[in-house]
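Structure record follows, encoded as structure tokens.
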Amino acid sequence: MSKTNNNAALCPRVDIGGQAVLDGVMMKSPDAIAVAVRRANGDIVVKREEYESPAKKHKWMGLPFIRGSVNMVQMLGLGMRVLEDSMKMSGDESMQEEPSKFEKWLAEKLGKNVDKVVMAMAIVMAMCLSIGLFVLLPNLAIMLFPKNATGGTLLLKNLVSGIIRIALLIGYISLVGRVPDMRKTFQYHGSEHKTVYCHEHNLPLTPQNAQRFTTLHPRCGTSFLILTFILSVLFYSVIDVLVLQIFGFDLGANYFLRVLSRIILLPCIAGISYETLKALAHHEGPIVRILRWPGLQMQRLTTRQPSDAQCEVAIASMNAALHGLPEGEKTPEGWVILHPAQA
């Protein structure tokens, strides 16, 4: 892969996004998605596919504030798909479970479309779980407040539900981080950030250069989550006060109406959070650093210090996303195998 690294300086720098996957890393450039996975024998398996931004197909999807919601939905689907890809690429047959009777029935009925249907079902289930944990549960706290609403009461309701939401997120990530496989995934998350930093500083992509950087990156999805939770307190408070003043109606007085309003307005807060995250990531200054701080601290839960070998995997994914698949032995699926001497 040294040839690819030498070409890195000739390629103009672009923002690269990524995600830790099972025993590897996914990197997404403006026109490609690459996944690299470390197998048990030490080989790195690399997959690459072309990518076209939704904004290129439909310009309105790239408009400010709209693109945040589009990106959130897209990354949810993409994240699940690359996780499935990484499991297949690992070559670990023990992780590839025998299809259940329901899965076999679906395959028989749906044929080639079964993967798309299963993926859609998984996305819907993930969204339902997220809504239940971070919308339904935190908003139960409003039942403790009196029904006579004022601006201060509405702010306090949203502040309490927001604190509960953040506490649930921290608790959930902390528990997940205790699972050995997830600790390794968090290390790959750290290797992804280090490699992105290395690329952003126009340095040759080597483990030694990548290890110079921190595992905390301002454009991380973890920062997006915590920023969304914090901004939602202010955003929903403004909406609640406006509804109270204009219509004389307290959304918080009815649990189900409050929850429904939060779900309906979720794309709005996602759009605001996305634009805020981009602005914070591309600017510097004391105020910017203060606003970045909560998201960076949250990443201490979702990243771990990676090994050089894990950085090699992230670099393989980065190089494939930027420059195409490297030369090497290929699997029947078309994935390139990099042996330890090549990586």
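The values are calculated or read from the model by the stated rules, or taken from the named source; none is laboratory data. In this text the structure is predicted, and so the values were computed from the model without any measurement. Virtual Cβ from ideal backbone geometry, glycine too; neighbours counted across all protein chains shown.
Say whether the condition of being without any contact (Cβ under 8 Å) to a residue 24 or more places away in the chain, buried (at least 19 other Cβ atoms within 10 Å of the Cβ) and over 22 Å from the mean Cα position of the chain (by Cα) is met by at least one residue in region 192-201.
Scanning region 192-201 turns up no residue that is without any contact (Cβ under 8 Å) to a residue 24 or more places away in the chain, buried (at least 19 other Cβ atoms within 10 Å of the Cβ) and over 22 Å from the mean Cα position of the chain (by Cα).
So if I check each of 20, 34, which one is out of contact with any strand residue (DSSP E or B) (no Cβ under 6 Å at 6 or more places or on another chain), closer than 30 Å to residue 307 by Cα, at pLDDT 90 or above and in a strand (DSSP E or B)?
Being out of contact with any strand residue (DSSP E or B) (no Cβ under 6 Å at 6 or more places or on another chain), closer than 30 Å to residue 307 by Cα, at pLDDT 90 or above and in a strand (DSSP E or B) holds for just one of 20, 34, which is 20.
What's the number of the condition residue 316 fails, among (1) farther than 20 Å from residue 235 by Cβ; (2) surrounded by fewer than 18 Cβ atoms within 10 Å (Cβ to Cβ)?
In the conditions (1) farther than 20 Å from residue 235 by Cβ; (2) surrounded by fewer than 18 Cβ atoms within 10 Å (Cβ to Cβ), residue 316 misses (2) alone.
Inspect region 50-59 for any residue being at pLDDT 90 or above, over 19 Å from the mean Cα position of the chain (by Cα) and not in a loop (DSSP other than H, G, I, E, B) and give the result as yes or no.
Yes, there is a match, as at least one residue in region 50-59 is at pLDDT 90 or above, over 19 Å from the mean Cα position of the chain (by Cα) and not in a loop (DSSP other than H, G, I, E, B).
Tell me which residues, restricted to region 258-271, are within 25 Å of residue 140 (Cα to Cα) and in a helix (DSSP H, G or I). Walk me through how you get there before you give the answer.
Within region 258-271, the subset within 25 Å of residue 140 (Cα to Cα) is 258-270.
Correct list: 258, 259, 260, 261, 262, 263, 264, 266, 267, 268, 269, 270.
Among the residues of region 162-220, which ones are in contact with a Gly (Cβ under 6 Å, 6 or more places away or on another chain) and part of a loop (DSSP other than H, G, I, E, B)?
Matches in region 162-220: 215 only.
Search region 285-311 for residues being in a loop (DSSP other than H, G, I, E, B) and in contact (Cβ under 8 Å) with a residue 60 or more places away in the chain, and hand back the single one that is farthest from residue 174 (Cα to Cα).
307
State yes or no: is residue 314 in a helix (DSSP H, G or I), within 14 Å of residue 37 (Cα to Cα), touching a residue at least 24 places away in the same chain (Cβ under 8 Å) and in contact with a His (Cβ under 9 Å, 6 or more places away or on another chain)?
The answer is yes for residue 314.
Within region 29-76, how many residues turn out to be among the hydrophobic types (A, V, I, L, M, F, W, C) and within 27 Å of residue 338 (Cβ to Cβ)?
Count: 11.
Could you tell me whether any residue of region 160-173 is small (Gly, Ala, Ser) and surrounded by fewer than 18 Cβ atoms within 10 Å (Cβ to Cβ)?
Yes, region 160-173 contains a residue that is small (Gly, Ala, Ser) and surrounded by fewer than 18 Cβ atoms within 10 Å (Cβ to Cβ).
With respect to residue 328, is the statement that it is surrounded by 13 or more Cβ atoms within 10 Å (Cβ to Cβ) and either over 28 Å from residue 225 (Cα atoms) or in contact with a helix residue (DSSP H, G or I) (Cβ under 9 Å, 6 or more places away or on another chain) (or both) true?
Numbers: surrounded by 13 or more Cβ atoms within 10 Å (Cβ to Cβ): yes; either over 28 Å from residue 225 (Cα atoms) or in contact with a helix residue (DSSP H, G or I) (Cβ under 9 Å, 6 or more places away or on another chain) (or both): yes.
Against the criterion (surrounded by 13 or more Cβ atoms within 10 Å (Cβ to Cβ) and either over 28 Å from residue 225 (Cα atoms) or in contact with a helix residue (DSSP H, G or I) (Cβ under 9 Å, 6 or more places away or on another chain) (or both)), residue 328 qualifies.
Going residue by residue through region 268-279, is there one that turns out to be in contact with a His (Cβ under 7 Å, 6 or more places away or on another chain), within 29 Å of residue 33 (Cβ to Cβ) and in contact (Cβ under 8 Å) with a residue 60 or more places away in the chain?
No - not one qualifying residue is present in region 268-279.
Looking at region 133-155 only, could you name the residues that are surrounded by 15 or more Cβ atoms within 10 Å (Cβ to Cβ) and either modelled with pLDDT of 90 or more or at positive phi (or both)?
Listed by number, the residues that qualify are 134, 135, 136, 138, 139.
Check residue 227 against each of (1) surrounded by fewer than 19 Cβ atoms within 10 Å (Cβ to Cβ); (2) touching a helix residue (DSSP H, G or I) at 6+ places or on another chain (Cβ under 7 Å); (3) not basic (Lys, Arg) and name the one condition it does not meet.
Answer for residue 227: the failing condition is (1).
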